[in-house]
Every structure is written in C-alpha cells, then in structure tokens.
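Working notes, beginning with the structure itself.
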Amino acid sequence: MAKGTPGFFDVDERLAELSAKGDDLERVKALVDFEMFRAALEAAAPRADRSKGGRPPFDHVFMFKVLILQAMHSLSDERCEYRIKDRLSFMCFLGLGLADAVPDANTI
C-alpha cells in the first residue's frame, strides 16, 4: 500500500498507540460504570412526547459523558462539538465511530 493511503486497520492501530501511551479517558471509561447514572439522569431530564416528530434525542448517558468531557477539558459548547469530531480519544470515550452523529453546540 502506498504511503498516505488509508489502510483497513489504520484507526485501530492509532487507537492502540493512544492506549499504550496512557489514555486518561480510556482509564475513566474502564473505571466508571456510567449506566449506574441512567435512572437518575432520566428522572432529572425527562424526554418530551415524541409523537409529534422531530429528530431523536441523544441518549442520557451519552450526553452526561459529553458534559464530563466538557468539564474535564474546560470546553465551551462549540469547542466541545469540535473536539468530539476531531479527537479519536473523545470519540472512543463516547462510543462513537467516525460516521456517527455528534451533538451540535446547541444540543450540548
């Protein structure tokens, strides 16, 4: 394969490199069971009636993890959106792939 041509395992190899260097977000994800917060988050922020349509909301636990990223890195809503789209470590922490939807600054 020519240099600069993306390979099938390039993302996996890059993630392994990040992990080997001590990814803080990977450690947080391994240590904290974020699902234990689901019931409290859903009670604190109930969803509106979806029968009228609109785009589906992001998951409560997912958005909680976005807020954790924002607080850990002192990010504005706009910078948080950008960093989620830009950083593999943020995407992995949130369980996102490269083609997955990212909440915009207004949603954050």
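The values are calculated or read from the model by the stated rules, or taken from the named source; none is laboratory data. What you see is a predicted model; the values in this text were computed from it and never measured. Cβ placement follows ideal geometry from the backbone for every residue including glycine, while neighbour counts extend to all protein chains displayed.
Brief remarks on what is shown
- A search for C-beta distances below 6 Å between a residue of the range 69-93 that is closer than 14 Å to residue 107 by Cα and any residue that is among the aromatic types (Phe, Trp, Tyr), counting only pairs 6+ apart in sequence or on different chains, returns 84/90.
- For the range 66-86, the condition of being among the β-branched types (Val, Ile, Thr) and under 19 Å from residue 38 (Cβ atoms) holds for at least one residue.
- Selection status of residue 71, touching a Gly at 6+ places or on another chain (Cβ under 9 Å), small (Gly, Ala, Ser) and either more than 21 Å from residue 100 (Cβ to Cβ) or modelled with pLDDT under 95 (or both): no
This table checks each residue for (1) in contact with a Gly (Cβ under 6 Å, 6 or more places away or on another chain); (2) modelled with pLDDT of 80 or more; (3) of a type outside the set (Asp, Glu).
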| residue | (1), (2), (3) |
| --- | --- |
| 38 | no, yes, yes |
| 42 | no, yes, no |
| 49 | no, no, no |
| 95 | no, yes, yes |
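- Checklist (1) among the charged types (D, E, K, R); (2) loosely packed, with under 15 Cβ neighbours inside 10 Å; (3) at pLDDT 95 or above applied to residue 65, failing item: (2)
- The test for being more than 20 Å from residue 103 (Cα to Cα), out of contact with any strand residue (DSSP E or B) (no Cβ under 9 Å at 6 or more places or on another chain), modelled with pLDDT under 90 and in a loop (DSSP other than H, G, I, E, B) does not hold for residue 54.
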